[in-house]
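In what follows, a single structure is set out as structure tokens and then discussed.
The values are calculated or read from the model by the stated rules, or taken from the named source; none is laboratory data. All values reported here derive from a predicted model rather than from experimental measurement. Counting neighbours? That spans all protein chains shown, and the Cβs are built from the backbone with ideal geometry, glycine included.
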Amino acid sequence: MIPRQFLITVTLLFALTIAMSVYVWQLRRREIRAPRLTEKTEHVAPPMSGAVEQVTVYVAYDSPGELRAQSISIPLAAGRQQRAEGLLRGLMRIYTAKDSTHPLAPGAEIRGVFLVDPGLAVIDVNSAFVEGQVSGVLPEELTIASLVQTLATNMPGLTRVKILVDGKEQETLAGHADLTAFYDLQQIAELVKGLSPQQ
Amino acid sequence: MLWNSASRRVKVSLYQGAASAGALLFALAVIAAQGVPLSGAPQGQAQSATPTLQSSQPSPNQAVPDQTLPPVQPVPAPPKPLVMIDPAHGGSESGAVLNPTILEKDVTLALARRLRIDLGARGFVAELVRDSDVNLSTDDRAAKTNAAHPALYVCLHATSESGGIGIYTPMLAESGETSGPFVDWNTAQFSFLPASRAAQQEIAGAMQKSGMLARSLTAALRPLGNVTNAAVAVELAPTKADVSQLSAADFQQNISAALANGIAQFLSTSRALR
């Protein structure tokens, strides 16, 4: 004969198991229904530090397909390389804002700018930058001309710019603009003239 | 007496016969020396002995070339200029997704086919770099174009951003290293830039004449820099936010007609300058 205490214990344990199963099932359903954050969208770059300066950046406008010079005030470090990074990160804040005239993906960022030799700058962007880029000759040119001309205006002595994605060379920005070559600053200046608002 | 007269007659006859035979032989010798063909002689011997006579008086039945006049060569018609049309992207590489149902590779192919017809109607020969939905690398496109030696290469693109129609020439700062007939692949276009810019101007002018917003710009866009002929890229853009316009037949027809006018103007001008 089975002892009474043993029967009571087994029954309680069985009831507890059922209750736990129902609870876990409910938790799983709630997790499936909740919106999932698939990617980190906020910037991971360190905050800019240094004295606030007024600089000219070149901002792309998709709708008329133009590039316009614009003055902004941003903190810039004294070092040449940090200054270049600060300039382009200031530009990124304009493009990732809600009412951007040339929207890029929220996670788009400048990973770094390297001044390899006196005339060459290498801009390293992340993969979110490329994934959020609108495909087309003109939209891609606007992005590149905006980055390169902003650097050229504020960093005297540069002659060429190379663009990498996640530290590696990529064929095109989004299917059109060639990223295998170096961008000559004189050629970009000519392009910027053609992209400027017509008087 | 009788015998004497008879023998004299015989002698006279013999002399006369000998004289006649001599005269005949002399005549034959003269005739042979002048080369008149004898009816019984083999024809080959007579022809070989008298080439000048034969050539000056040809028999109507003989197909002998007339050596007195220079041969008349038929003047070949000038070759029609070839235009190479390259619908960008294709196959698994769809280009820009203009909207969920319209892909750039389809828009460019449809426009390229229209342009081929429009150029044909204007008397030019046009070929497509791709005439189906296939993958082609930019190097393959340039190699195919360079092998065909066209008068003009036109690469077609499309975008969803409404910034007007862009007419692009390659963005090349300087020529690469050249060694004899070998040129740097990445800057092979460099010496053809003046011709490319002339084509760009004519096309942009024709677009503006048709009431379209067209801009002349430069672009770092493959394979423009690898083409060894006049080369331009044309990017379609909707006139307003409605991207479906890009695949509409009437919109494409207007663009194609304006493009064909500009190309025809460029080819006529460049032919006149040659």
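For this structure, a couple of remarks:
- Test: residue in the range B:171-190 that is within 14 Å of another protein chain (Cβ to nearest Cβ), touching a residue at least 60 places away in the same chain (Cβ under 8 Å), not in a strand (DSSP E or B) and not acidic (D, E): no
- Test: residue in the range B:171-186 that is in contact with a Pro (Cβ under 6 Å, 6 or more places away or on another chain) and closer than 18 Å to B:A220 by Cβ: no
- Which numbered condition A:H176 misses (of (1) surrounded by fewer than 23 Cβ atoms within 10 Å (Cβ to Cβ); (2) within 14 Å of chain B (Cβ to nearest Cβ); (3) free of Cβ contacts under 8 Å to residues at least 60 places away in the same chain): (1)
- Of all residues in the range A:48-86, those satisfying the criterion of being within 14 Å of chain B (Cβ to nearest Cβ) and part of a loop (DSSP other than H, G, I, E, B) are A:D62, A:S63, A:P64, A:G65.
- Filter result (among the aliphatic types (A, V, I, L, M), closer than 27 Å to A:E141 by Cα and modelled with pLDDT of 85 or more) within the range A:32-83: A:V55, A:V57, A:V59, A:A60, A:L67, A:A69, A:I72, A:I74, A:L76
- Which numbered condition B:D250 misses (of (1) closer than 16 Å to B:L115 by Cβ; (2) at pLDDT below 95; (3) within 14 Å of chain A (Cβ to nearest Cβ)): (3)
- Here B:R130 clears all of (1) assigned to a helix (DSSP H, G or I); (2) under 13 Å from B:K105 (Cβ atoms); (3) among the basic types (K, R) except the condition numbered (1).
- Condition check for A:A128: away from every other protein chain (no Cβ under 14 Å), farther than 18 Å from A:L151 by Cα and in contact (Cβ under 8 Å) with a residue 60 or more places away in the chain: yes
- When residues of the range B:226-241 are limited to those that are touching a Leu at 6+ places or on another chain (Cβ under 9 Å) and farther than 12 Å from B:T145 by Cβ, the one nearest to the other protein chains (Cβ to nearest Cβ): B:E235
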